[in-house]
1. Search the range 190-217 for residues that are closer than 19 Å to A372 by Cβ and pair each with any residue that is aromatic (F, W, Y) and surrounded by 14 or more Cβ atoms within 10 Å (Cβ to Cβ) when their beta-carbon atoms are under 7 Å apart and the residues are at least 6 apart or on different chains.
2. Need the failing condition index for Y87 against (1) surrounded by 18 or more Cβ atoms within 10 Å (Cβ to Cβ); (2) of a type in the set (F, W, Y); (3) farther than 30 Å from E346 by Cβ, just the number.
3. Taking only pairs six or more apart or across chains, which ones have beta-carbon atoms under 7 Å, a first residue in the range 371-400 that is assigned to a helix (DSSP H, G or I), and a second residue that is of a type in the set (G, A, S)?
4. In the set T149, T169, which member is at pLDDT 95 or above, among the hydroxyl-bearing types (S, T, Y) and in the same structural domain as L83 (by TED's automatic domain parsing)?
5. Of all residues in the range 369-405, how many are modelled with pLDDT of 95 or more, surrounded by 20 or more Cβ atoms within 10 Å (Cβ to Cβ), among the aliphatic types (A, V, I, L, M) and under 22 Å from the mean Cα position of the chain (by Cα)?
6. Among residues belonging to the range 341-362 that are out of contact with any helix residue (DSSP H, G or I) (no Cβ under 7 Å at 6 or more places or on another chain) and in contact (Cβ under 8 Å) with a residue 60 or more places away in the chain, point out the one that is farthest from D233 (Cα to Cα).
7. Looking at the range 20-37, which of its residues are among the polar types (S, T, N, Q) and over 16 Å from F99 (Cβ atoms)?
Amino acid sequence: MIQFEKFQLDNGLKVLVHQDTSTPMAVVNVLYNVGAKDEDPAKTGFAHLFEHLMFGGSVNIPVYDEPLQRAGGENNAYTTNDLTNYYCQIPAENIETAFWLESDRMLSLAFSKKSLEVQRKVVCEEFKEHYINKPYGDTWHKMRSLAYTQHPYRWMTIGASLAHVEDATMEDVKDFFFKFYRPNNAILVVTGNVQTEQVKQLAQKWFGPIPAGTAYERNLPKEPVQEKSRSMDVRADVPLDMLMMTWHMGGRFDEGYHATDLITEVLGGGASARLYEQLIKVKQIFSSIDCYHFGTVDPGLLVIEGKLVKGISMTVAEKAVLEEVEKIKNDILDAKEVQKVINKTESVICFEDMSIMNRAHSLAYYELLGDADLMNKELSLYQQVTPTMIQATAQKIFQDNNRNTLYYYSKS
């Protein structure tokens, strides 16, 4: 049970405090309720670009890392389709340094031409390195555009096109910042060796004077129900043929979400999982195979992807995967197999909650979902999943008209 206290500033900033006196450290985590899904379809990649820009310094602090490192701290950030998260870990006695740094870049990012050009170049190089020049790098660009027709999950966090970041103007960047990076669109979580009263004073001192922005009303297009299967052939200079299939699944609030998560564990959770056991060890059709999902807030995708053993045809590989999928649909799983994946999930959750960094991330994320206390209820939701629920969820998801398939062929 993770204990925390919560309050809100007049400008709308939500603040959560979790005390842990067993550590000399503290974590200051600022989650902004903006992800790639909130971008203009003609100007994608901005949430990720901002992850870089936010480290380019603010008006009062030209180099973000320098004062933090002097205070014994370290920091990082990540962007997803649903959110952007900035965090730093620092000795608790120096926590005010983190408040100063985080509040200053929320208040007054340095919108210099130089900073924009430097970070634009970094992001463009990242795009080329990971998504254009890397083998299989364009896989998810292609799959997202195949699986989604309306919802903004149809582009990746890096952006739909390199040109969008290349063409970003200073005005575009400023508009995006003042729309989303406001206290009323943020959640501040402080964990570690801290007192709630101390955090209240620091939050009021450093974040209190920042003006609230216009409330952002998210109104995204819903993805229509897929009515027939879709597929795409790709030929590229890669070492092995690859097969990728996705099926639409429920989002974070869907009643079948936890059962779906366990299905991915049954099929793809390591060397004892069904796909590995049957298709790598027994039938030797794939050299690697995995089943997973992204845990997206809105309805997402369940994924099975694998690289074929040389000489195996795509038809044989596809048939073998679908046979395993049919087994989950047609046969009720043994209670022991279900309990095994529940136990594994429980150990992952417990292990994650051991560090004050992960607790800060989790509290911020569950507060974004609507209530940080959901973090304490998550495990019981997994424990309630039965073999019958897993079968019913599999039957709902693994329908042929709900499937998207990418046949990725090696040229050699």
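The values are calculated or read from the model by the stated rules, or taken from the named source; none is laboratory data. Please read these numbers as outputs of a predicted model, since none were measured by experiment. Reconstructed Cβ throughout: ideal geometry from the backbone, glycine too, with neighbour counts over all protein chains shown.
1. Hits for this filter: K200/F7.
2. Against the list (1) surrounded by 18 or more Cβ atoms within 10 Å (Cβ to Cβ); (2) of a type in the set (F, W, Y); (3) farther than 30 Å from E346 by Cβ, Y87 comes up short only on (3).
3. Final answer for the pair search is M375/S362; P387/A335; M389/A259; I390/A259; T393/G256; T393/A259; K396/G256; D400/S229.
4. Working: T169 fails: at pLDDT 95 or above.
When all the criteria are applied, what remains is T149.
5. Of the residues in that region, 2 qualify.
6. Pass one, the range 341-362, residues out of contact with any helix residue (DSSP H, G or I) (no Cβ under 7 Å at 6 or more places or on another chain): 343, 347-348, 350-351, 354-357, 359-361.
Next, only the ones that are in contact (Cβ under 8 Å) with a residue 60 or more places away in the chain stay: 356-357, 359-361.
Numbers: I356: 45, M357: 42, R359: 42, A360: 42, H361: 39 Å.
If we take residues in the range 341-362 being out of contact with any helix residue (DSSP H, G or I) (no Cβ under 7 Å at 6 or more places or on another chain) and in contact (Cβ under 8 Å) with a residue 60 or more places away in the chain, then I356 is farthest from D233 (Cα to Cα).
7. Residues of the range 20-37 that are among the polar types (S, T, N, Q), as a first pass: 21-23, 29, 33.
Hits for the range 20-37 are T21, S22, T23, N33.
Residues checked against (1) within 21 Å of the chain's Cα centre (by Cα); (2) of a type in the set (G, A, S); (3) not assigned by TED's automatic domain parsing to the domain that holds T405:
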| position | (1), (2), (3) |
| --- | --- |
| Q89 | yes, no, yes |
| A92 | no, yes, yes |
| T97 | no, no, yes |
| D104 | no, no, yes |
| L109 | no, no, yes |
| L116 | no, no, yes |
| Y136 | yes, no, yes |
| R144 | yes, no, yes |
